[in-house]
Amino acid sequence: MTQSKTIKENRYPIILTVTIILLVAVLLLSFLFGAKTTSIQMVYDAIFNYNPQIEEHNILREIRIPREIGAVIVGMALAVSGAVMQGVTRNGLADPGLLGLNAGASMMLALTLAVIPSAGYFTLMLAGFVGAGIGGVLVMSVGSSKRGGFSPMRLVLAGAAVSALLTAASEGIALIFKLNQTLTFWSVGGVSGTTWKQLMISTPIVVVILIVLIMMSRQLTILSLGDTLSKGLGQNSTVVRYTSLIATILLAGIAVSIVGQIAFVGLMVPHIVRFMIGTDYKRVIPLSAVLGGFILLFADMIARMLGEAPIGAVISIIGVPFFLYLVRRDGKIL
C-alpha cells in the first residue's frame, strides 16, 4: 500500500504536466476549428493585432475565445467542487448536479429573471449562489434526516428528489412568466453565450476559491479520512466542513450562471484523479481543476462538431455509465 502511494506521488508532476499540455493544445485547437476554420496566425492577430473590420477577428474575439475560456473555467469549478464535496461528505457519489446545487441555482435564476428581466450577470451570479445553497441545504437535510446520518445512496436519492422538485419549480416559473426560451439554455447546458463580462467577474472569483481550497488541502485530506481522526488531530471539523461547502456552492453557482446545468463532471473527474495520483488534496485539487477544464473543453469541441449539440448531453453519454458503475461499487472506484 505504501509503495503504491509512493508511486502515485512520484508520478503526480508528470501527470499534471501532461494534462496541462493537453489542455493548452485542445484550447488552441478549439480556437482554430468551428463553423469557420481559421489559422494560428489569424488567432494571433485577433488577440494582439485586433482589427474590428475583419470578420474573423470579430468571430474569434467576441465568440470563440470567450466561449472556450469559459468552458475551461466552468470545468475547473465543477471538477474541484465535486472533489471537495466527495471528501467533505465522504460520499463518492457527490456531485453538484446530483446533489441539487445545479437545480437550485437554475431555479433561482428563473425566479430572478421573472422578477428582474433586465438583471445583469453579477445579479444572476448571486442568484445562482443563493439557489445552489438552497438546493444543497435541502439535500443535506433530507439525506441526513434518518438515524445514521449520511449514506451514499440516501444522499443520491435525496438529491434526485430535491432536483426534480426544484426543476419543476423552474419550469413552472418559466411557464407563468413566459421564460421558456430563455431557460432552455440553462436546462440543456452550453458555453456558446459566454461573454468577456462574465469571464471578468467569474474568473477572479474561481481562481481565489481554488487558491483557498489548495491552502486548505491538508485539512480537507484529514477530514476525508473521518471526523474521529480529524478531531483527534485537533482540527475543527465543523469549520473546515462548512467553509469548504460554501466554497463548493460558490463554484457551482458560478458554473450554472455561465453554462446552465451540467452534471457528471464533478462526479467523474475526482475519481479519475484519485485513481491516478492518490487521495492527498494537495494534489487532487490542482489536477482536478486542470482535468476538469480539459474534459469540458473537449466536450464542447465535440458538441460543436455535432452541430452545436447540448454540451450537457455530450457529457452525459460518458457520465451516466460512469455513475451506474459507481453505484454498483457503492461510490468507490479504488
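Roughly how many Å² is the accessible area per residue of the chain, as a whole number, for a 1.4 Å probe?
Values: 15470 Å² over 334 residues.
Here the per-residue accessible area is 46 Å².
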- request: Report the equivalent ellipsoid semi-axes for the range 70-134 in whole Å, largest first, defined as the square roots of five times the eigenvalues of the gyration tensor built from alpha carbon atoms.
  value: 25, 13, 8
The chain: most fluctuating residue of Gly319, Gly92, Gly34 per GNM, C-alpha cutoff 10 Å: Gly34
task: Normalise the Cα radius of gyration of the chain by 2.2 N^0.38 Å (N = residues in it) and let me know the number.
output: 0.99
field: ³J(HN,Hα) computed for each position of the range 67-75 - Karplus, 6.51 cos²θ - 1.76 cosθ + 1.60, integer Hz, glycine/proline x
entry: 4, 6, 5, x, 4, 5, 4, 5, x
query: Can you count the Lys pairs in the chain with C-alpha separation below 26 Å, eight or more apart or on different chains?
result: 11
message: With a 10 Å cut-off between alpha carbons and a GNM built on the chain, which of Leu297, Leu251, Leu199 moves the most?
response: Leu199
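The values are calculated or read from the model by the stated rules, or taken from the named source; none is laboratory data. Keep in mind it's a predicted model, so treat the numbers as computed, not measured. All accessible areas refer to the heavy atoms of the entire protein, side chains included, with ligands and DNA or RNA removed. Shrake-Rupley method; radii C 1.70, N 1.55, O 1.52, S 1.80 Å.
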